[in-house]
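Just below is one structure, and these are the notes that go with it.
The values are calculated or read from the model by the stated rules, or taken from the named source; none is laboratory data. These numbers come from a predicted model, not from an experiment. With ideal geometry, Cβ positions are generated from the backbone for all residues, glycine too; neighbour counts draw on all protein chains shown.
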Amino acid sequence: MPTALVTGITGQDGSYLAEFLLGKGYEVIGLVRRTSRLTYDRIQHLVDRIELVQADLHDLGSLMDVLNKYAPDEIYNLAAQSFVPASWSQPILTGEVNALGVVRMLEAMRLVRPQARFYQASSSEMFGKVREVPQKETTPFYPRSPYAVAKVYGHWITVNYRESYNLFAVSGILFNHESPRRGLEFVTRKVTNGVAKIKLGLADELRLGNLEAKRDWGYTGDYVRAMWLMLQQDEPEDFVIGTGETHSVRELCEVAFSHVGLDYRDYVKQDPRFFRPAEVDILVADASKAREKLGWEPRVTFEELIHMMVDADLERLERKYKQ
Ligand code: NAP
Ligand code: G4F
């Protein structure tokens with residue numbers, strides 16, 4: 001039975017990846033940081049089937065201890081400060097975790113478990129002020145936030161450890177991926193949760209920032225499959241993962257509100273508080289390399305994804321407020 005270590009297991013991607021790996025017969029070790037309250041809501045249904053171990057990306061010794069104890073075959077480094085706006089208010093913390101945290105994990109692997117295979121959660125935010133449309137593996141980066149700058153470091157240090165130490169270390173450059181487990185502050189979930197609240201009479205408006213920004217939004221369940229496929233290849237290589245479709249935040253609102261028979265123009269208000277100091281205007285993936293080499297394709301469409309998220313929020317809120 002192969003063993004996989006997943007950092008960020010309590011996050012959106014970690015929970016889907018853990019499910020996926022269990023389905024493939026892996027022993028799954030989840031790295032969790034010490035917090036004053038447990039943050040296991042996304043993995044509550046899995047806690048009896050996985051092993052959780054405390055360590056922190058700030059602390060090299062804790063990472064080395066975990067690798068020593070569990071000797072994983074695969075390491076998925078998903079942990080990060082993942083909310084872009086927070087990276088302007090906490091740029092140093094974001095750099096510590098999203099940039100230096102990656103090299104700590106790679107150092108731990110180099111010193112303790114060099115035969116393991118390493119996946120780094122790189123991001124389409126690295127393309128930022130895009131140099132070409134669509135974006136592929138060779139598109140130059142132009143990061144537009146402290147988050148994205150830190151992710152560029154994490155990306156290149158992974159390439160560098162692969163080339164310097166001959167480690168099997170790869171980066172997945174993943175475009176936005178969403179699900180009913182997405183954090184409430186990200187725009188898809190903010191919209192689907194807002195729609196559900198308005199539909200149930202729990203709110204009467206939804207305040208958003210830039211409605212013209214465009215993103216390539218896919219379903220997280222599809223994207224964790226791509227992470228795993230990258231670690232099953234003969235040679236370590238980086239891959240762009242996305243749907244190849246782009247939609248504006250305005251279109252997202254149209255699809256989400258009309259799913260419950262409402263017109264977004266009656267409820268959505270633009271609020272300067274949610275605009276960013278520097279915006280990423282358009283992201284859209286050219287994932288042809290992943291299609292050809294990994295045989296990867298997304299299975300859930302944009303409309304299906306947004307409908308799934310609205311339905312899940314409606315169901316959750318109905319349950320909560322009926323009691
Ligand atoms: P998420 O839901 O915010 O989860 C982040 C995870 O990182 C949580 O488990 C969090 O733990 C953990 N974490 C944060 N700081 C840590 C530290 N110092 N030590 C150990 N763990 C720490 O993010 P996600 O959407 O699943 O994204 C997963 C990864 O993919 C991130 O690296 C993100 O930047 C990257 N990414 C995401 C997308 C996307 O669209 N979702 C696209 C491209 C790349 P707590 O539960 O304790 O907070
Ligand atoms: O949902 P978002 O906050 O995601 P963003 O910034 O694209 O980052 C996410 O995807 C990245 C991959 O490209 C990941 F690396 C990162 O970790 C994260 O998962 O915002 C999407 C767009 C932005 O252009 C933002 O300006 O939506 C726009 N937006 C408009 N109104 C809003 C809002 N975003 C948020 N969060 N809240 C709003 O009210």
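Of the candidates Leu317, Leu294, the single residue that is in contact (Cβ under 8 Å) with a residue 60 or more places away in the chain, surrounded by fewer than 19 Cβ atoms within 10 Å (Cβ to Cβ), among the aliphatic types (A, V, I, L, M) and not assigned by TED's automatic domain parsing to the domain that holds Glu237 is Leu317. Scanning segment 280-299 for residues that are among the charged types (D, E, K, R), within 18 Å of Glu178 (Cα to Cα) and touching a Phe, Trp or Tyr at 6+ places or on another chain (Cβ under 8 Å) turns up just one, Arg299.
Residues that are part of a loop (DSSP other than H, G, I, E, B) and out of contact with any helix residue (DSSP H, G or I) (no Cβ under 7 Å at 6 or more places or on another chain) within segment 282-323 comprise Val284, Asp286, Ala287, Gly295, Thr301, Gln323, listed in sequence order.
Beta carbons closer than 8 Å, at least 6 apart along the sequence or on distinct chains, pair a first residue in segment 159-179 that is more than 18 Å from Ala148 (Cβ to Cβ) with a second that is within 16 Å of ligand 2 (Cβ to nearest atom) and small (Gly, Ala, Ser) for Glu178/Gly218; Ser179/Gly221. Just to be sure, is Tyr142 surrounded by fewer than 23 Cβ atoms within 10 Å (Cβ to Cβ), more than 19 Å from Val240 (Cβ to Cβ) and assigned by TED's automatic domain parsing to the domain that holds Val102? No: the conditions fail for Tyr142. Check whether at least one residue in segment 199-212 is surrounded by fewer than 18 Cβ atoms within 10 Å (Cβ to Cβ), within 8 Å of ligand 2 (Cβ to nearest atom) and without any contact (Cβ under 8 Å) to a residue 60 or more places away in the chain, and report yes or no. The answer is yes, given that some residue of segment 199-212 is surrounded by fewer than 18 Cβ atoms within 10 Å (Cβ to Cβ), within 8 Å of ligand 2 (Cβ to nearest atom) and without any contact (Cβ under 8 Å) to a residue 60 or more places away in the chain. Scanning segment 109-129 for residues that are over 13 Å from Ala99 (Cα atoms) and within 16 Å of ligand 2 (Cβ to nearest atom) returns Tyr119, Ser124, Glu125, Phe127, Gly128, Lys129.
Just so you know, in segment 8-40 the residues that are free of Cβ contacts under 8 Å to residues at least 24 places away in the same chain and either in contact with a helix residue (DSSP H, G or I) (Cβ under 6 Å, 6 or more places away or on another chain) or more than 8 Å from ligand 1 (Cβ to nearest atom) (or both) include one that is farthest from Arg316 (Cα to Cα), and it is Arg34.
If only one of Glu185, Glu132 is within 15 Å of ligand 2 (Cβ to nearest atom) and closer than 20 Å to Ala278 by Cα, which one is it?
Glu185
Against the numbered list (1) over 24 Å from Pro277 (Cβ atoms); (2) without any contact (Cβ under 8 Å) to a residue 60 or more places away in the chain; (3) buried (at least 17 other Cβ atoms within 10 Å of the Cβ), Leu100 comes up short only at (1). Checking every residue in segment 265-279 against the condition of being without any contact (Cβ under 8 Å) to a residue 40 or more places away in the chain and within 24 Å of Ser179 (Cβ to Cβ) gives zero matches.
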